[in-house]
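J.: Got a structure for you, written out below as structure tokens; questions coming shortly.
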Amino acid sequence: CTSISLLPAMMGPGGAGGGQVLVMNSNVKREENRKAQKSNITAGVTVANIVRSTLGPKAMLKMLLDPMGGIVLTNDGNAILREIDVTHPTAKSMMELSRAQDEEVGDGTTSVIILAGEMMGVAEPLLDIPLHPTVIVQSYLRALEDAIKIMEEVSTPLDTTNQQALSDCVRKCVDTKFVSRYGSKISDLAVRAAQIVQETIGGKKVIDMKRYARVEKIPGGSMEDCEVLEGVMFNKDIVHPKMRRRIEKPRVILLDCTLEYKKSESATNVEITREEDWELLLKQEEDEVQKMCEDILKLKPDVVVTEKGVSDLAQHFLLKGNVSVIRRARKTDNNRIARVTGATIVNRTDEITEKDVGTKCGLFKVEKIGDEYFTYMLECEDPKACTVLLRGASKDALNEIERNLQDAFCVARNIFLEPRLVPGGGAVEMEVSARLLEKSRSLEGGMQYGYKAVAAAFEVIPRVLAMNCGVNVVRVMTELRSKHAKAGEGVNIGIDAEKGVVVDVRDVGVMDTFVVKQQCFKSSIESAAMLLRIDQVVSGLSRKKGGGGAAHTEMGAGAEEMMMG
């Protein structure tokens with residue numbers, strides 16, 4: 001390989017020959033020390049600037065064109081960065097940060113990027129002092145520990161049995177989104193869905209919104225038609241038009257097998273010499289299907305749902321037994337039906353027992369909405385799954401409403417799992433900033449500079465909120481600093497981002513969940529600390545691209561010939 005070419009150890013600098021030692025391919029692009037750090041900081045700040053205008057209730061929207069020609073209209077940080085194609089490795093790392101935040105807590109994707117970009121931006125003057133990156137990183141991580149402690153002190157518990165308080169809290173968290181114009185509708189849907197889905201397993205509360213709270217989007221109608229169905233709804237129709245479309249208190253059987261004659265696994269040829277044998281073969285297939293249907297009908301079900309196909313003959317037998325059948329249901333839908341009806345999904349019809357039959361469903365019905373047929377299973381006893389029905393004017397609007405609803409789901413889940421709130425509107429960031437600045441005065445050397453830098457970086461959230469409101473940023477920030485100057489006095493003083501004025505955020509109900517803020521602080525500071533420790537970026541060339549590519553390919557070909565020989 002031409003990438004590395006080393007002379008013997010004794011022929012190094014000052015040794016015999018004293019020639020130049022070529023260690024790396026001259027075509028490899030390299031950035032070292034200050035240049036690499038500056039490049040990383042610039043990339044981080046640039047990514048933060050992309051989403052800076054999308055923070056807060058007065059946020060701007062971004063219109064993105066995806067590679068397939070589709071349009072995405074959103075102000076969700078993760079959705080924006082997911083569609084943008086970047087080449088710089090640091091920028092890619094920042095985008096990963098947003099995705100991790102979205103998966104972990106589902107909210108704060110814009111805040112974490114802005115904060116991480118600012119943490120990197122304030123480190124540049126420290127590197128110019130010059131302060132060693134290791135000292136900066138140590139001070140950053142120590143400041144993070146203190147920031148989490150301060151946030152725990154200012155957090156307040158929330159009563160999860162108070163429906164109105166829960167809905168208000170979720171609403172304030174998603175008011176920065178597109179759906180804020182619809183009032184409390186989305187927050188009510190999210191809280192109700194979380195309450196239905198939550199369960200206790202081994203003494204631990206589990207809320208799996210992704211698997212058991214399905215969102216069904218149907219264009220048409222208005223936002224007022226959106227609702228949480230205490231049961232399931234899926235886009236399927238019964239297999240035969242004469243089957244019942246409405247059944248009260250149905251007995252439900254769920255299958256994961258076909259109701260058809262099973263073909264052999266391998267290719268099989270059957271040679272038949274008599275016509276009677278052919279009729280016997282067909283009769284055997286019919287008998288097999290009839291036996292499957294008899295196994296099912298023994299338990300007197302009203303509804304049978306299978307994930308596989310149903311033959312015409314099976315339809316005939318089940319129709320005679322007055323059973324409504326739905327075929328080729330999705331696996332995820334079948335799992336949700338099992339949760340709401342109490343049925344067990346069975347793999348073989350001859351293994352079905354009475355305890356596998358679901359009896360918790362109150363109403364089965366099939367209705368037509370627009371051009372599609374939808375099956376409902378409603379009025380269930382203690383359902384552990386639900387369907388959120390969304391109606392809206394267009395597909396684009398529905399897609400954005402769904403993205404906002406997913407954020408609301410995550411906020412609701414976070415509140416139930418960790419019912420603690422912190423002041424919103426930039427209040428908690430200003431309080432953390434003021435307390436860190438106080439503490440920095442008691443520190444010495446490089447640690448003091450790092451603390452001051454982190455304290456200055458935390459002010460970016462209220463500053464951007466003020467900027468996006470279109471108010472006098474300097475005046476608002478000066479007022480906030482004066483209110484937070486004394487410890488414990490101005491804890492709840494933040495920005496009402498609707499009006500752009502400094503208020504007590506608790507009075508206007510602007511609160512954030514503790515989990516989201518904690519994850520936001522941890523992710524942004526730890527990510528910035530990791531990126532600041534990079535002192536060299538080496539980007540190797542691929543075989544097919546210029547420079548040493550040709551020589552590399554020839555070497556590879558020669559090596560292959562030798563191996564083949």
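J.: Could you grab me the full set of residues in the range 469-489 that are buried (at least 22 other Cβ atoms within 10 Å of the Cβ) and of a type outside the set (A, V, I, L, M, F, W, C)?
T.: Result: H484, single match.
J.: Of the residues in the range 422-446, how many are of a type in the set (A, V, I, L, M) and either more than 36 Å from the chain's Cα centre (by Cα) or part of a loop (DSSP other than H, G, I, E, B) (or both)?
T.: Let us first name the residues in the range 422-446 that are of a type in the set (A, V, I, L, M), namely 422, 427-428, 430, 432, 434, 436-437, 443.
Among the residues that remain, those that are also either more than 36 Å from the chain's Cα centre (by Cα) or part of a loop (DSSP other than H, G, I, E, B) (or both) are: 443.
So the count comes out to 1.
J.: Could you check, for the range 107-116, whether at least one of its residues is of a type outside the set (D, E), outside any helix (DSSP H, G or I) and at pLDDT below 90?
T.: Checked against the condition, which is being of a type outside the set (D, E), outside any helix (DSSP H, G or I) and at pLDDT below 90, the range 107-116 yields at least one hit.
J.: Now, a different point. Can you tell me which residues in the range 83-97 are assigned to a helix (DSSP H, G or I) and closer than 25 Å to V538 by Cα? Even if it seems obvious, please write down each step before you answer.
T.: Taking the range 83-97 and keeping what is assigned to a helix (DSSP H, G or I), we get 83, 89-97.
Of everything in the range 83-97, those that are assigned to a helix (DSSP H, G or I) and closer than 25 Å to V538 by Cα turn out to be P89, T90, A91, K92, S93, M94, M95, E96, L97.
J.: Which condition breaks for P67 when tested against (1) more than 15 Å from I84 (Cβ to Cβ); (2) open to solvent by 30 Å² or more (accessible area, probe 1.4 Å); (3) assigned to a loop (DSSP other than H, G, I, E, B)?
T.: (1)
J.: In the range 441-492, which residue that is among the small types (G, A, S), under 17 Å from V422 (Cβ atoms) and in contact with a helix residue (DSSP H, G or I) (Cβ under 8 Å, 6 or more places away or on another chain) is modelled with the lowest pLDDT?
T.: The extreme case among them is A487.
J.: Then there is this: Exactly one condition in (1) more than 13 Å from R251 (Cα to Cα); (2) of a type in the set (D, E); (3) touching a residue at least 60 places away in the same chain (Cβ under 8 Å) is not met by D356; state its number.
T.: It fails just one condition, (1).
J.: Six or more apart or on different chains, Cβ atoms under 6 Å: show the pairs whose first residue is in the range 97-110 and free of Cβ contacts under 8 Å to residues at least 60 places away in the same chain and whose second is open to solvent by 50 Å² or more (accessible area, probe 1.4 Å).
T.: none
J.: Also, quick follow-up: Can you name the condition, by its number, that P89 falls short on among (1) at pLDDT below 85; (2) under 30 Å from P133 (Cα atoms)?
T.: That leaves (1) as the condition not met.
J.: R463 passes all but one of (1) over 30 Å from Q138 (Cα atoms); (2) open to solvent by 50 Å² or more (accessible area, probe 1.4 Å); which number fails?
T.: (1)
J.: A385 versus (1) touching a Cys at 6+ places or on another chain (Cβ under 6 Å); (2) within 30 Å of R403 (Cβ to Cβ): which is the lone unmet condition?
T.: For A385, the exception is condition (1).
J.: So which residues in the range 509-565 are open to solvent by less than 20 Å² (accessible area, probe 1.4 Å) and either at pLDDT below 50 or acidic (D, E) (or both)?
T.: Hits for the range 509-565 are G548, G549, G556.
J.: Within the range 432-442, can you find the residues that are touching a residue at least 24 places away in the same chain (Cβ under 8 Å) and open to solvent by 10 Å² or more (accessible area, probe 1.4 Å)?
T.: Passing the criteria: A434, R435, E438, K439.
J.: Also: Can you go through N468, N472 and tell me which one is over 34 Å from the mean Cα position of the chain (by Cα) and within 20 Å of N49 (Cα to Cα)?
T.: Exactly one residue qualifies, and that residue is N472.
J.: Among the residues that make up the range 416-428, is at least one of them surrounded by fewer than 22 Cβ atoms within 10 Å (Cβ to Cβ), modelled with pLDDT of 85 or more and touching an Asp or Glu at 6+ places or on another chain (Cβ under 7 Å)?
T.: Scanning the range 416-428, I find no residue that is surrounded by fewer than 22 Cβ atoms within 10 Å (Cβ to Cβ), modelled with pLDDT of 85 or more and touching an Asp or Glu at 6+ places or on another chain (Cβ under 7 Å), so the answer is no.
J.: Being under 11 Å from the mean Cα position of the chain (by Cα), crowded, with 24+ Cβ neighbours inside 10 Å and within 27 Å of M511 (Cβ to Cβ) narrows it down to one residue among V105, V112; which is it?
T.: None of the other options fit; the residue is V105.
J.: If you check every pair at least six apart or on different chains, which have Cβ atoms under 7 Å apart with a residue in the range 275-303 that is under 21 Å from V323 (Cβ atoms) and at pLDDT 85 or above first and a residue that is β-branched (V, I, T) and open to solvent by 90 Å² or more (accessible area, probe 1.4 Å) second?
T.: none
J.: If you scan the range 294-306, which residues turn out to be more than 42 Å from the chain's Cα centre (by Cα) and in a helix (DSSP H, G or I)?
T.: Residues satisfying the conditions are E294, D295, L297.
The values are calculated or read from the model by the stated rules, or taken from the named source; none is laboratory data. Not measured: the values here are computed from a predicted model. Cβ: placed from backbone, ideal geometry, glycine included. Neighbour counts: every protein chain shown. Protein only, heavy atoms only, side chains kept; ligands, DNA and RNA dropped before computing areas. Shrake-Rupley method; radii C 1.70, N 1.55, O 1.52, S 1.80 Å.
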